[in-house]
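Worksheet: one structure, shown below.
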Amino acid sequence: YLYKRYWNIISLGIIFLFIYCCLLYFKTHAIEDQRRIENEYNSGKIIILSWRRPWGFSWLGHAEGQNIGNCILTYDRNLIREAAAVIFHYTALDNEVMPWKHYRNEKQYFIFWTMDGPSYMRNAEIRHPVKFDHSFINWTMTYRLNSDIFYPHLSMDMARTVFSRRKPYVDDIISKKSRLGLWVAQDSHFLLGSKLRLKYIDELVEAGLSIDRYGWCFGNTQAYKKLPLEVLDSYKFYFAFEDAKECIDYLTTEFWDQAVYKGRVPLVWGTSKATVESLVPSGSFIHTDDFKTPNELAAYLKYLDKNIAAYREYFKWVENPDEKTLKISKLYEQ
Ligand SMILES: *[C@@H]1O[C@H](CO)[C@@H](O)[C@H](O)[C@H]1NC(C)=O
């Protein structure tokens, strides 16, 4: 009995020692990070404080201490006095511990950051950043062109890849095409836009269009993940349907990552054609607004499916970039 008791005490001791060592390890790391950032600050770097990572998830956002141009990014709130700007992702704005209550420097910029549209923020996240409107925010950083800082869903690295492709890429990708359309959707019931886009796709399928549908909506996320590259490359079109209707400048990874980057012609629904035209090369996409009915669009896609030369026209901006394309590329590459 006594032996058992001693053993309990010893194992408890070991556990505490282990936790203590872990804490010590992280603390020294944090202090090292802090020292390094302070050193950089003293040698002229500009500190940008990100108040909280998106949703507070440690795996989202840039790394602590990352250099971006002449700036250095930190999440260490102790550095608020040294920071030239403080970024608030919209998910950080509902917290009650906000710096303005006890601290505000008139030379410092508070920046509002979102990648999501208002419908998603309001209805899916139930967040109302509007209450921080009144002289809290100095600058916006969003996907909208008229933001103070344009922050699109196309990363710089991806933009450099996409805009440096030429004829050999087009020859290669076209030679792989055999299937018609792909759509991957995670939401089809929650937001109004998601319901409307689902209805439109259903009508295209009813019109006899071959669309392979994957994602959480269809209960086959795992099957999608297992698709081999040659199948993924074989789709001619990707249904880059956003989950919001008439949302200004809202072009997400649906358009850039899933369609353009992966060599599929994007079909756009939701964001108006005028908006899309101001954000992407001309002739790089098909807009549902150009068709009176889903039937009409289905007929056009079936025509393109049989006419590879007409289909290839949608890659003209890649093979032969015009002036507008070069201008657009600068928007994303810099
Ligand atoms: C940001 O806005 C606040 C509140 O309106 C203001 O006091 C501050 O001077 C502004 N910052 C800059 C750098 O203009």
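The values are calculated or read from the model by the stated rules, or taken from the named source; none is laboratory data. What you see is a predicted model, and the numbers here were worked out from it, not measured in a lab. Here Cβ is always computed from backbone atoms with ideal geometry, including for glycine, and neighbour counts include all displayed protein chains.
Between a first residue in region 209-223 that is in the same structural domain as L198 (by TED's automatic domain parsing) and a second residue that is exposed (fewer than 13 other Cβ atoms within 10 Å of the Cβ) and modelled with pLDDT of 95 or more, which pairs have beta carbons less than 8 Å apart while being 6 or more apart in sequence or on different chains?
Taking only residues 6 or more apart or on different chains, the pairs are Y214/A223.
Quick one: how many residues across region 112-125 are over 12 Å from Y250 (Cα atoms) and more than 16 Å from the ligand (Cβ to nearest atom)?
5
Looking at region 45-72, which of its residues are at pLDDT 90 or above, surrounded by fewer than 18 Cβ atoms within 10 Å (Cβ to Cβ) and of a type in the set (V, I, T)?
I46 - this is the single residue of region 45-72 that is at pLDDT 90 or above, surrounded by fewer than 18 Cβ atoms within 10 Å (Cβ to Cβ) and of a type in the set (V, I, T).
This table checks each residue for (1) closer than 22 Å to E313 by Cβ; (2) surrounded by fewer than 21 Cβ atoms within 10 Å (Cβ to Cβ); (3) basic (K, R); (4) free of Cβ contacts under 8 Å to residues at least 40 places away in the same chain.
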{"position": "K245", "(1), (2), (3), (4)": "no, yes, yes, no"}
{"position": "I248", "(1), (2), (3), (4)": "no, yes, no, no"}
{"position": "T252", "(1), (2), (3), (4)": "no, no, no, no"}
{"position": "D257", "(1), (2), (3), (4)": "no, yes, no, no"}
{"position": "R264", "(1), (2), (3), (4)": "yes, no, yes, no"}
{"position": "S272", "(1), (2), (3), (4)": "no, yes, no, yes"}
{"position": "V276", "(1), (2), (3), (4)": "yes, no, no, yes"}
{"position": "H287", "(1), (2), (3), (4)": "yes, yes, no, yes"}
{"position": "D290", "(1), (2), (3), (4)": "yes, yes, no, yes"}
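Give me the residue from region 268-327 that is part of a helix (DSSP H, G or I) and β-branched (V, I, T) and, out of that set, farthest from T161 (Cα to Cα).
In the first step, residues of region 268-327 are kept if they are part of a helix (DSSP H, G or I); the result is 273-279, 288-290, 294-306, 308-319, 323-327.
Now drop any that are not β-branched (V, I, T), which leaves 275-276, 288, 308, 318, 325.
Working: T275: 23, V276: 20, T288: 27, I308: 24, V318: 11, T325: 14 Å.
Residue satisfying both the conditions and the ranking: T288.
Which members of region 126-165 meet the condition of being among the hydroxyl-bearing types (S, T, Y) and more than 14 Å from the ligand (Cβ to nearest atom)?
T142, Y143, S147, Y151, S155, T161, S164
Within region 1-91, considering only strands (runs of 3 or more DSSP E) that don't extend past its boundaries, which have at least 3 residues that are within 30 Å of A124 (Cβ to Cβ)? Full working, then the answer.
Numbers: elements: 46-50, 71-74, 83-89.
It comes to 46-50, 83-89.
Using the structure shown, decide if E203 is within 23 Å of D157 (Cβ to Cβ) and surrounded by 14 or more Cβ atoms within 10 Å (Cβ to Cβ).
For E203, the condition - within 23 Å of D157 (Cβ to Cβ) and surrounded by 14 or more Cβ atoms within 10 Å (Cβ to Cβ) - is not met.
For S178, only one of the following conditions fails: (1) in contact (Cβ under 8 Å) with a residue 24 or more places away in the chain; (2) among the polar types (S, T, N, Q); (3) not assigned by TED's automatic domain parsing to the domain that holds K306. What is its number?
For S178, the failing item is (3).
Residue check: is D116 at pLDDT below 90 and assigned to a loop (DSSP other than H, G, I, E, B)?
Answer is no for this residue.
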